[in-house]
Amino acid sequence: MYCKILSRVKPIFILLSVFLIFFSCNTSEKVEEEIAAIPIDLRISRFDREFASAGEEGLPALRKVYPYLFPAPDSVWIAKMEDSLQIELFQEVGNAFRSFEVEEEGLIQLFKHVAYYFPEYTAPNIITVTNDVDYNNRIILTDSLLFVSLDNYLGSEHKYYGGFQRYIAQTLDRNYLVSDVASAFAKQVVPRPRDRTFLARMIYFGKELYVKDKLMPNVEARKRIGFSKVDMDWAIANEEPIWRNFIENEYLYSTDNKLNQRFLEPAPFSKFGLELDNESPGRLGRYVGWQIVRSFMKNNTVTLKQVLTMPAEEIFKKSNYKPRN
């Protein structure tokens with residue numbers, strides 16, 4: 001009797017699953033159609049090019065247009081224009097970014113999605129600059145301005161990045177430019193956690209990455225987190241043992257700041273204290289937090305804005321998170 005009932009239930013379950021998938025796909029397509037129709041007028045200024053070609057006589061005009069970029073006296077900027085290293089930097093950036101059309105289209109799509117999910121937000125004016133390859137400040141987003149340092153996107157094998165560790169150099173590529181802008185925006189809308197536990201910090205980064213899921217649905221997931229394909233494959237294949245390690249070592253509710261350096265901050269690898277460490281990518285705590293938030297959103301009816309302010313503990317308990325194995 002049980003087998004007969006089960007044989008009837010299975011087709012119904014399969015049918016229901018197919019319906020839910022079909023409904024979800026239709027909903028996603030409808031959302032994307034609505035986003036595509038949103039008008040966005042992005043203003044992009046190539047200050048890097050204007051400055052490189054201005055010359056001393058062009059400084060007053062530049063200062064008038066970009067007063068916020070000229071706090072120092074003209075003598076400082078003239079010296080920069082005449083410096084051989086700076087001249088080479090301008091040339092390298094100019095050669096790499098003769099056109100900005102691909103990035104512009106990516107930014108338009110990004111800010112269309114921002115406008116859909118955060119309609120109160122006004123897209124900033126975008127200004128491309130050079131910044132002496134300061135990769136920690138490659139993107140600076142203020143209320144009305146977005147500065148993009150193009151000298152940080154010349155390609156992972158560029159000679160300027162030869163002295164950088166590989167995990168840093170691999171993201172210094174134009175393929176990560178729009179993703180970095182999305183990260184800067186996500187940091188503005190995701191509140192910093194008051195809770196100091198490792199779980200709260202994981203889920204904080206998970207929220208940032210989930211925001212990027214919604215803002216960049218057509219970009220590879222690995223680019224959203226800044227992983228190489230090898231890194232992403234490793235994280236997916238080892239999600240279950242990573243989670244087991246966190247549980248067995250009772251990390252979730254620990255307030256030990258060393259866990260930040262081991263699993264959350266940029267690093268060449270994560271530090272489990274095991275032989276496999278050198279095979280692993282850094283920031284695996286962020287990856288796990290991302291999967292927890294994704295699982296929560298899949299299993300709960302909550303808006304994007306609502307989840308951003310929800311406590312980590314509530315998200316975790318209601319996520320029904322189960323790592324892939």
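Considering the stretch 67-80 alone, what residues qualify as being in a loop (DSSP other than H, G, I, E, B) and of a type in the set (A, V, I, L, M, F, W, C)?
Phe70, Ala72
Do we have any residue at all in the stretch 110-129 that's under 22 Å from Gly206 (Cα atoms), among the β-branched types (Val, Ile, Thr) and at pLDDT 95 or above?
Within the stretch 110-129, one or more residues are under 22 Å from Gly206 (Cα atoms), among the β-branched types (Val, Ile, Thr) and at pLDDT 95 or above.
Can you tell me how many residues in the stretch 309-325 are in a loop (DSSP other than H, G, I, E, B) and more than 23 Å from the chain's Cα centre (by Cα)?
Number satisfying all stated conditions: 3.
Just to be sure, is Ser149 surrounded by 12 or more Cβ atoms within 10 Å (Cβ to Cβ), within 18 Å of Glu50 (Cβ to Cβ), of a type in the set (Ser, Thr, Tyr) and under 19 Å from the mean Cα position of the chain (by Cα)?
yes
Might you let me know whether the stretch 244-261 holds any residue that is touching a residue at least 12 places away in the same chain (Cβ under 8 Å), of a type in the set (A, V, I, L, M, F, W, C) and either touching a Cys at 6+ places or on another chain (Cβ under 6 Å) or within 30 Å of His113 (Cα to Cα) (or both)?
No - not one qualifying residue is present in the stretch 244-261.
Among the residues of the stretch 254-262, are any surrounded by 20 or more Cβ atoms within 10 Å (Cβ to Cβ), among the basic types (Lys, Arg) and assigned to a helix (DSSP H, G or I)?
Yes, the stretch 254-262 contains at least one residue that is surrounded by 20 or more Cβ atoms within 10 Å (Cβ to Cβ), among the basic types (Lys, Arg) and assigned to a helix (DSSP H, G or I).
In the set Phe147, Phe164, which member is among the aromatic types (Phe, Trp, Tyr) and under 23 Å from Lys214 (Cα atoms)?
When all the criteria are applied, what remains is Phe147.
When the residues of the stretch 38-66 are narrowed to those that are touching a strand residue (DSSP E or B) at 6+ places or on another chain (Cβ under 6 Å) and part of a loop (DSSP other than H, G, I, E, B), which ends up surrounded by the fewest Cβ atoms within 10 Å (Cβ to Cβ)?
Only one residue tops the list, namely Arg43.
For the stretch 67-88, indicate whether the set of residues that are modelled with pLDDT of 95 or more and either surrounded by 18 or more Cβ atoms within 10 Å (Cβ to Cβ) or not assigned by TED's automatic domain parsing to the domain that holds Leu172 (or both) is non-empty.
The answer is no, given that none of the residues of the stretch 67-88 is modelled with pLDDT of 95 or more and either surrounded by 18 or more Cβ atoms within 10 Å (Cβ to Cβ) or not assigned by TED's automatic domain parsing to the domain that holds Leu172 (or both).
Could you please give the count of residues in the stretch 209-226 that are under 28 Å from Asn249 (Cα atoms) and in contact (Cβ under 8 Å) with a residue 60 or more places away in the chain?
The total comes to 3.
Quick check: anything in the stretch 130-141 over 24 Å from the mean Cα position of the chain (by Cα) and either closer than 30 Å to Lys229 by Cα or surrounded by fewer than 16 Cβ atoms within 10 Å (Cβ to Cβ) (or both)?
no
Given Glu240, Glu265, which one is assigned to a loop (DSSP other than H, G, I, E, B) and surrounded by fewer than 17 Cβ atoms within 10 Å (Cβ to Cβ)?
Glu265
Take the stretch 105-128 and flag every residue that is more than 17 Å from Glu32 (Cβ to Cβ) and among the polar types (S, T, N, Q).
Matches in the stretch 105-128: Thr122, Asn125, Thr128.
State the number of residues belonging to the stretch 205-224 that are within 16 Å of Pro266 (Cα to Cα) and surrounded by 22 or more Cβ atoms within 10 Å (Cβ to Cβ).
5
The values are calculated or read from the model by the stated rules, or taken from the named source; none is laboratory data. The shown structure was predicted, so the numbers you read here are calculated from the model rather than taken from an experiment. Every residue, glycine among them, receives a Cβ derived from its backbone with ideal geometry; neighbour counts consider all protein chains shown.
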